[in-house]
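Worksheet: one structure, shown below.
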Ligand SMILES: NC(=O)c1ccc[n+]([C@@H]2O[C@H](COP(=O)([O-])OP(=O)(O)OC[C@H]3O[C@@H](n4cnc5c(N)ncnc54)[C@H](OP(=O)(O)O)[C@@H]3O)[C@@H](O)[C@H]2O)c1
């Protein structure tokens, strides 16, 4: 898949899915910039990737201290990408998470909105500047297959992940004549240490592996995926 020599921004790169996606891009020959909230986690990511991460002077993985929900920090991170590599081809919006909350707990809903929607919208807005100027871009965000219906204590999660799907549709419609695609993937339960701990009796082999999701993201952010935009794609593993 044609991401070799291209550059991608990956938010949530310190997470389980994010680490797999960063590795997949680097193994495919792309440059990656990872905006991170916690510098130490970013340094650990670079260390974990060894030679794949490149050198401090010539990084193939650039760790930037920037909260993806902070517009000014993301603008600076994007400028750094353009300055170093002269191009920004792809954005993977992976930052986010799951939290419980009842339908009357507005604060919990706002926290989930911030984690799952504000991060994606803000990082995208920053990346769109060079993408629109060049007339090329690939944007993938992460919703959740399990968020299609609200549960008694998953209000903010279901609302915010559904919002990412509707927002992606709007984004794709707004950009359809500009060479920029926007899609959202809908994983079910990811094979993640936290899920294994929470559900010790489940058959984890059925869950979708981070590497499997990474392969879908690499395809959706390749030039070959020009015909796919505004799609919400379930990535369910074997459940
Ligand atoms: N795990 C699942 O079963 C599952 C299922 C469906 C969808 N998803 C989605 O897949 C994506 C990746 O999840 P994961 O499983 O890799 O989880 P993870 O291991 O907990 O990683 C989450 C990543 O998102 C970042 N993040 C979390 N909240 C943030 C916030 N408020 N502002 C900025 N960054 C934030 C974290 O940064 P820090 O390191 O700074 O905390 C971390 O890099 C998430 O959007 C998640 O909702 C996960």
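Just so you know, all these numbers are worked out from the coordinates, no wet-lab data involved. Bear in mind the structure is a predicted one, so any value in this text is a computation, not a measurement. Cβ atoms come from the backbone with ideal geometry, glycine included; neighbour counts cover every protein chain shown.
Quick look at the values:
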| read-out | value |
| --- | --- |
| Computed over the range 167-239: relative contact order in percent, which uses C-alpha pairs under 8 Å that are six or more apart | 47 |
| Acute angle (nearest 10 degrees) that the helix 39-49 long axis makes with the longest principal axis of the chain, alpha-carbon atoms | 70 |
| For the range 102-239: rounded, prolate or oblate by the Cα gyration tensor [a/c cutoff 1.5] | oblate |
| Descending Cα extents along the principal axes, the range 26-155, whole Å | 50, 35, 27 |
| Label point at residue 195 placed 7 Å out along Cα→Cβ; residues across the range 207-239 whose backbone nitrogen lies under 14 Å | 207-214, 234-239 |
| Cα convex hull of the range 89-167 - mean projected area over all directions, nm² | 5.0 |
| Protection proxy ranking of 70-78, 147-155 - average other beta-carbon atoms within 10 Å, highest first | 70-78, 147-155 |
| Per-residue Cβ neighbour rank within 10 angstrom, fewest leading, 170, 188 | 170, 188 |
| Relative contact order, percent, the range 101-156 [alpha-carbon distance under 8 Å, six or more residues apart] | 70 |
| Antiparallel DSSP beta bridges within the chain, percent to nearest 5 | 5 |
| Order of 142, 239 under a 10 Å beta carbon neighbour criterion, fewest first | 239, 142 |
| Value of [θ]222 nm, deg cm²/dmol, for the chain, DSSP H segments ≥ 4, -39500 (n - 2.57) each, nearest 500 | -13000 deg cm²/dmol |
| DSSP-defined antiparallel bridges as percent of all bridges, the range 1-141, nearest 5 | 5 |
| Convex hull per residue volume in Å³, alpha carbons only, for the range 170-239 | 89 |
| Spin-label model distance (nm) - residue 52 vs residue 82, 7 Å beyond Cα toward Cβ | 2.9 |
| Principal-axis tilt of helix 16-27 within the chain, Cα atoms, nearest 10 degrees | 30 |
| C-alpha long axis of helix 155-175 to longest principal axis of the chain, angle in ° | 40 |
| Point-to-point label distance, residue 100-residue 114, nm (Cα→Cβ direction, 7 Å offset) | 2.1 |
| Cα gyration tensor category, rounded, prolate or oblate, for the range 41-96 with a/c compared to 1.5 | oblate |
| Protection proxy ranking, peptides 5-14, 81-90, 196-205, 178-187, average beta carbon neighbours within 10 Å, highest first | 5-14, 178-187, 81-90, 196-205 |
| The range 128-166 versus the range 179-239: alpha-carbon centroid distance in Å | 13 |
| Inter-site label distance for residue 41 and residue 72 at 7 Å from Cα along Cβ, in nm | 2.3 |
| Percent RCO, i.e. relative contact order, over the range 7-235, from Cα pairs under 8 Å lying at least 6 residues apart | 20 |
| Share of alpha-carbon pairs per 10 Å distance bin for the range 7-235, given as whole % | 8, 34, 39, 17, 3, 0 |
